[in-house]
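In what follows, a single structure is set out as structure tokens and then discussed.
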Amino acid sequence: MKFYLLTIFPEFFNSPLRIGLIDKALKRGLIEVEILNLRDYTTDKHRTIDDVPYGGGEGMVFKPEPLYRAIKSVKERDPETKVIYLSPQGKLLHQRLAEELANEKSLLLICGRYEGIDERIRAHFIDEEISIGDYVLLGGEVAALVIIEVLSRLKPGVVGTKDSVDRESFTSGLLKYPAYTRPSDFLGLKVPEVLLSGNHREIESYRRKESLRLTLERRPELLRELELTPEDRDYINSLLEKQRIYLFLIHYPVLNKRREKIASAITTIDLHDLARLSRTYGLKGVYLIQPLEEQRKLAQELIDYWLHGKGGLHNPLRREAMKKLTIVSDLEEAIQEVRNMEKIDPLLVGTDASPKRTYLLPEQLRNLCWEKPVCLLFGTAWGLEDSILDRCHYFLEPIWGRLDSYNHLSVRSAASIIVDRILGIYSFYKKKLLPKNNQFQERLVS
Ligand SMILES: C[S@@+](CC[C@H](N)C(=O)[O-])C[C@H]1O[C@@H](n2cnc3c(N)ncnc32)[C@H](O)[C@@H]1O
């Protein structure tokens, strides 16, 4: 594979290309690099490559003519070369994209500087724009080196064994398991027993599990693209069991329209919908907090109908969900029940439709769920009263649909949306992704 590097600092690449495996790959002809100085494609005596931006503003912009001449000259020599502009506005580089690019015969990597390149070159003479991350570098040279390293690793022969490439983070679709080396005891910190056992099957299985665990905790979205074996699924499920979320539906103290403290009535449909939500997302339970005895009796009668009466016989799936419901008379009782089960104080997380607190993001709460049981508090009527909110350790941001202040959702909808924002990322059961370049996508594009 050949890389053409178009830069105004050719000397930048002197040492990085003379070190380690890249140096060897170049010497063995596994990859080829040709450095092109953009100034060689200028025609004026000052070899000018940039100019001030039209419309004013900071910095300089690469002029179109030298870029055009450079691209044209490479294309004339090597018509199939793919022209890539390294740019923070580009497609984010990831392993799959690298695997696609590694199939190309040659790449022309254009390294920008200052304010970047003239838009007409970007829009008409570039095949692909690639960013190496959501940050801004001083120039594209570092990004070009990243591309050379990532792609070269994929070329057979560049890295010692193919196996070590296949097992790296991302190549397998999973993050790599942790590595240990001698000594087996370092300051009392021991290497896991299994790695010293010499039992290769057990070591394989341990490493696979560690990869799954790390990926689930740090980058769960990667698991969506992966074919999981039944053993993987069982293991992931056992890990997800450790995320303990309880949902508290509070009927007192809540607010009415005039912002007065009231007790609200139980709504039957809340019971059904929250029970089904809880079963679907693996929540540990739903506590209905209701101080009015008559109301509690009514709700218990309904639950019993599904658990022990005709309802459950007719619809066992609904019975399974309704098992998630527990009725208690106040918040303290609900917290105590969770404490008894978990043997640790749960985190109380308030939800509120009006923006007046400092908020946790759903992904931050998702990470906390690995450490502690979490109770999500939802208010009925016009929302939770301050005495409840003041007890909460954290708050979740109100749900905003659009750029206006209308967000009057039912508590059932709000709970579903919030739970999905926290746990929906783990929904990789029987996923069927559209294959790349399939007809449906092509139709969308055309
Ligand atoms: C200072 S940057 C230009 C930033 C540009 N004005 C902007 O705000 O997007 C100069 C050059 O560095 C390179 N560069 C900067 N950040 C990059 C990134 N994250 N990935 C790839 N190339 C990058 C590009 O070639 C860019 O033209």
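Counting other Cβ atoms within 10 Å as a rough exposure proxy, the listed residues Met341, Met1 run Met341, Met1 from fewest neighbours to most. For Tyr394 and Arg77, the FRET efficiency from 1/(1 + (r/R0)^6), where r spans their Cβ atoms and R0 equals 51 Å, is about 0.25. Taking max minus min of the alpha-carbon positions on each principal axis, segment 210-259 gives extents of 54, 18, 16 Å, largest first.
Averaged over all directions, how much area does the convex hull of the C-alpha atoms of segment 278-406 cover when projected, in nm²? Working shown, then result.
Working: hull surface 38.7 nm².
Here the figure is 9.7 nm², rounded to one decimal.
By the rule of a C-alpha distance below 23 Å, with chain neighbours fewer than 8 residues away ignored, the lysines paired with Lys356 are Lys257, Lys261. The Cα trace of segment 1-119 gives Rg and Dmax of 15.5, 49 Å, the first to one decimal, the second as a whole number. Taking amide H as placed 1.01 Å from N in the peptide plane, Ile327 has its amide H under 5 Å from the amide H of Leu288, each at least 5 places away in sequence or on another chain.
Selection among Gly59, Ile121, Pro362 by position relative to the dipole of the chain gives Pro362 as farthest towards the positive end (Cβ unit charges, Cα centre).
Would you work out if segment 49-117 is rounded, prolate or oblate? Take a ≥ b ≥ c from the square roots of the eigenvalues of the alpha-carbon gyration tensor; rounded if a/c is under 1.5, else prolate when a/b is larger than b/c, oblate otherwise. In terms of gyration-tensor shape, oblate.
How many percent of all Cα-Cα pairs in segment 117-180 sit more than 17 Å apart? Distances greater than 17 Å cover 60 percent of the Cα pairs. All Cα-Cα separations within segment 151-233 were binned at 5 Å from zero, giving a P(r) of 3, 13, 19, 19, 19, 17, 8, 2, 0, each value a whole percent of the pairs. Over the chain, Cα pairs under 8 Å with separation of 6+ residues give a relative contact order of 12 percent. Per-residue ellipticity at 222 nm computed for the chain from its helices equals -11000 deg cm²/dmol, with DSSP H segments shorter than 4 residues left out and the rest contributing -39,500 (n - 2.57).
Rg and Dmax of the chain, based on Cα coordinates, read 29.6, 93 Å. When the chain is treated as a Gaussian network with alpha carbon springs shorter than 10 Å, the biggest mean-square fluctuation among Leu187, Leu239, Leu151 belongs to Leu187.
When every Cα-Cα distance of segment 67-171 is counted in 10 angstrom steps from zero, the calculated P(r) takes the values 14, 44, 31, 10, 1 percent.
With the simple model of a label 7 Å out from the Cα in the direction of the Cβ, Thr43 to Thr280 spans 6.5 nm.
The Rg/Rh ratio for segment 323-366, using Cα coordinates for both the radius of gyration and the Kirkwood hydrodynamic radius, is 1.04. Remark: relative contact order (segment 169-249) = 33 percent; criterion is Cα-Cα distance under 8 angstrom and separation of 6 or more residues. In percent, rounded to a whole number, the relative contact order of segment 235-324 is 31, using alpha-carbon pairs under 8 Å and six or more apart. Applying a threshold of 18 Å to the alpha-carbon distances of Lys91/Lys176; Lys209/Lys284; Lys75/Lys155; Lys27/Lys155; Lys176/Lys209; Lys343/Lys372 flags Lys91/Lys176; Lys209/Lys284; Lys75/Lys155 as lying beyond it.
Gain in length, Asp330 to Ala263, computed as 0.36 nm per residue apart minus the alpha-carbon separation, to one decimal in nm?
Working it through step by step, the gained length comes to 23.0 nm.
Computed from the coordinates by the stated procedures, all read-outs in this text should not be read as laboratory data. Keep in mind it's a predicted model, so treat the numbers as computed, not measured. Because the Cβ atoms are built from the backbone with ideal geometry, glycine has one as well, and the counts that use them run over all protein chains shown.
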